[in-house]
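The values are calculated or read from the model by the stated rules, or taken from the named source; none is laboratory data. Note that the structure is a prediction, hence the values are computed from the model and not measured. Reconstructed Cβ throughout: ideal geometry from the backbone, glycine too, with neighbour counts over all protein chains shown.
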Amino acid sequence: MQVRKLFFALMILSAGGILTASENRLEVKRNGVRTVLRSRFSGEYTLEQHFYTNGPNRQFNFAPCCLTAPGKQKLPLSASGDDSTPWNFNGTYIGANHGDFMASRLEFPETHGLTVKDTGSEWTDPRGRRFYILKVENERCLWVISENLGKGDIWRFVRPEADGLKNASGKALNGYRTSMQQLRPAVRITGREYLADGKPLGDSESAVCDVFTVRETYDILATDSILAHVRKNAGRESSFTDPAVDKVLTQSMEYQFYPDGSCIVTHRARFFRDVRLGYMGFIQAGPMNYTRCFERHTYYIPKIRPFTVNGILYDFGNGVDYSKKLPHTIYFKNDSFADPGNPPDRFLQYVEGAGKPEVGFAIGYAVTEGIGMNSVRKNNIRTALFLYTSNKTYPYALDGAKMPVIRSGSEFYCMAYRQYFDASRGWYANRQGKDKIYYVDFREPVSGRELVFPDEAAGKKPVVLEKTASLKMMVSGKAALRFTCPEKNSYAVLKFQ
């Protein structure tokens, strides 16, 4: 690792700057809540990825990503600032950027007359249900939540009537407008470290390295315990992340970034309370091409057969035009899998055209370890993913339809990845534990198409982990393979050993 002064880091990490490191290294700069990574992409282009930790739960998260080149316009690839993955349980998203959305925000046309001294106070709606003041946001806004109507560990809350909360002394709250309020922060960060080639990287430092690692450990907090804490400390503002608040689970995250545009994301979670599971994906991503600076935007999902939603036919197995906003949410259930015993496990977007580089972006699950492996995942899901109307991708690794309740003491380990790559090359690869896995994709029929792989594959035997049945492969050199397939959108998953 090579740590440099901040002023030099600012110079090499500015947009359009020239990488001084070799093509096979990363340049990383930390500056407060922001982190920037730069690496060679293809030709004269550099991949520039941004990250932040000043979201509502203060977790490490993804920010805009772009391609830069000297003297050329910046090419935005993604703008999502919400790709860190929350859990969905007890009827709410929680973790990453999310908090329990069963809290309510009451907005008044005039001053409501309450102060911090009213925090934790009890109020009743016209149906006799009890509500509590969680926070006095300002003179016209309050946060409230109902009493816990759940049983045992699994909480349940309701929203107040449209109007009319009263306290024991007869004071009434009227004329307010009710809206959903996420209860945040809902996460207690207990540790975070940044490592460049295994060595700590401090704030306002930069480095040139082979691997950049972010490790983060945190507790996701119990909404009913937050309420109990606020009530116990009535009359003063309470911290939702106070050590006295119970945790539902502890999660340890590791993000490993490599110069090839890949990020290996590993989750280790242990539950300390029962929950009613909605789902958990461990990986998610917003859409590419949000500025429409590329002519074409295609979404390709191997191992999916055509299906219809609201009269519209979708054929993601052959690639779908993804340049327009989706008219509805699309769920990929097991009846859409080409093989119900082999659910789709990677999700690819391509942007190209207008004289710009052909860029691919993939998210997926490791094939070598963790509960994302299809030998495990197929038993835990009925839905492989859904695409929301924002065009964001939400895969499933755990599905409440197959696992309704997660019990206290349960532990989960999942390895997933996200990766930007030069799609014109015909393959991408990333490190999954001890193995490097190669993904080969042909969007058109091929006849004797030769692909050259890195020198590290030279002299090693290619092992096929999975492929399109009609795709033929033969060795054509020390680090080259030749492929033939009469079909569009064929694929192979390989490793060399």
Check whether at least one residue in the stretch 50-70 is modelled with pLDDT of 95 or more, among the β-branched types (V, I, T) and within 18 Å of A285 (Cβ to Cβ), and report yes or no. no
All-but-one check, E161 against (1) of a type in the set (D, E, K, R); (2) under 25 Å from F60 (Cβ atoms); (3) in contact with a Lys or Arg (Cβ under 9 Å, 6 or more places away or on another chain), failing number (2)
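Only one residue in T383, T393, T368 is touching a helix residue (DSSP H, G or I) at 6+ places or on another chain (Cβ under 8 Å) and of a type in the set (S, T, N, Q), so which one is that?
Working: T393 fails: touching a helix residue (DSSP H, G or I) at 6+ places or on another chain (Cβ under 8 Å); T368 fails: touching a helix residue (DSSP H, G or I) at 6+ places or on another chain (Cβ under 8 Å).
Answer to the selection: T383.
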What number goes with the only condition from (1) aromatic (F, W, Y); (2) touching a strand residue (DSSP E or B) at 6+ places or on another chain (Cβ under 6 Å); (3) surrounded by fewer than 23 Cβ atoms within 10 Å (Cβ to Cβ) that Y93 does not pass? (2)
Of the residues in the stretch 235-265 that are in contact with a Phe, Trp or Tyr (Cβ under 9 Å, 6 or more places away or on another chain) and among the hydrophobic types (A, V, I, L, M, F, W, C), the one that is farthest from Q419 (Cα to Cα) is V248
Search result, residues across the stretch 437-470 that are farther than 24 Å from G43 by Cα, surrounded by 13 or more Cβ atoms within 10 Å (Cβ to Cβ) and not aliphatic (A, V, I, L, M): P445, K460, P462, E466, K467, T468
A416 is checked against (1) surrounded by 14 or more Cβ atoms within 10 Å (Cβ to Cβ); (2) among the small types (G, A, S); (3) in the same structural domain as A79 (by the TED database); (4) in contact with an Asp or Glu (Cβ under 9 Å, 6 or more places away or on another chain) and fails just one. What number does that condition carry? (4)
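Matching residues to (1) of a type in the set (V, I, T); (2) buried (at least 16 other Cβ atoms within 10 Å of the Cβ); (3) within 30 Å of M473 (Cβ to Cβ); (4) outside the structural domain of K72 (by the TED database):
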site	(1), (2), (3), (4)
A366	no, yes, yes, no
R377	no, yes, yes, no
S390	no, no, no, no
P395	no, yes, yes, no
G400	no, yes, no, no
G426	no, yes, yes, no
What strands (runs of 3 or more DSSP E), lying completely within the stretch 391-471, carry at least 2 residues that are small (G, A, S) and over 30 Å from N289 (Cα atoms)? 446-452
Output for Cβ contacts, cut-off 7 Å, separation at least six or different chains, first residue assigned by the TED database to the domain that holds A162 in the stretch 120-135, second surrounded by fewer than 21 Cβ atoms within 10 Å (Cβ to Cβ) and among the basic types (K, R), reads G120/R231; E122/R130; W123/K166; T124/R130; T124/K166; Y132/R231
For the stretch 447-482, how many residues meet the condition of being under 23 Å from F347 (Cβ atoms) and touching a Ser or Thr at 6+ places or on another chain (Cβ under 8 Å)? 4
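Just to be sure, is V245 under 17 Å from D100 (Cα atoms), touching a helix residue (DSSP H, G or I) at 6+ places or on another chain (Cβ under 6 Å) and surrounded by 17 or more Cβ atoms within 10 Å (Cβ to Cβ)?
On the way: under 17 Å from D100 (Cα atoms): yes; touching a helix residue (DSSP H, G or I) at 6+ places or on another chain (Cβ under 6 Å): yes; surrounded by 17 or more Cβ atoms within 10 Å (Cβ to Cβ): yes.
Taking the combined requirement at face value, the residue satisfies it.
Under the condition of being touching a Leu at 6+ places or on another chain (Cβ under 9 Å) and surrounded by fewer than 16 Cβ atoms within 10 Å (Cβ to Cβ), which residue from the stretch 477-497 is nearest to P302 (Cα to Cα)?
Filtering the stretch 477-497 for residues touching a Leu at 6+ places or on another chain (Cβ under 9 Å) gives 480-485, 487, 490-495.
Among the residues that remain, those that are also surrounded by fewer than 16 Cβ atoms within 10 Å (Cβ to Cβ) are: 480, 487.
On the way: A480: 24, E487: 13 Å.
Per the stated criteria, the residue is E487.
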In this structure, does E193 turn out to be surrounded by fewer than 17 Cβ atoms within 10 Å (Cβ to Cβ), in a strand (DSSP E or B) and either among the charged types (D, E, K, R) or not assigned by the TED database to the domain that holds N31 (or both)? yes
Return the residues of the stretch 363-388 that are in contact with a Lys or Arg (Cβ under 8 Å, 6 or more places away or on another chain), under 14 Å from F332 (Cα atoms) and in a loop (DSSP other than H, G, I, E, B); say none if nothing qualifies. I381, R382
Just to confirm my filter: which strands (runs of 3 or more DSSP E) fall fully inside the stretch 69-154 and include at least 2 residues that are within 31 Å of the chain's Cα centre (by Cα)? 75-78, 87-89, 92-94, 100-107, 130-138, 141-146
Exclusive hit being surrounded by 13 or more Cβ atoms within 10 Å (Cβ to Cβ) and not assigned by the TED database to the domain that holds T223, set L173, L149: L173
Can you name every residue in the stretch 411-441 that is among the hydrophobic types (A, V, I, L, M, F, W, C) and touching a residue at least 40 places away in the same chain (Cβ under 8 Å)? F412, C414, M415, A416, F421, A423, A429, I437, V440
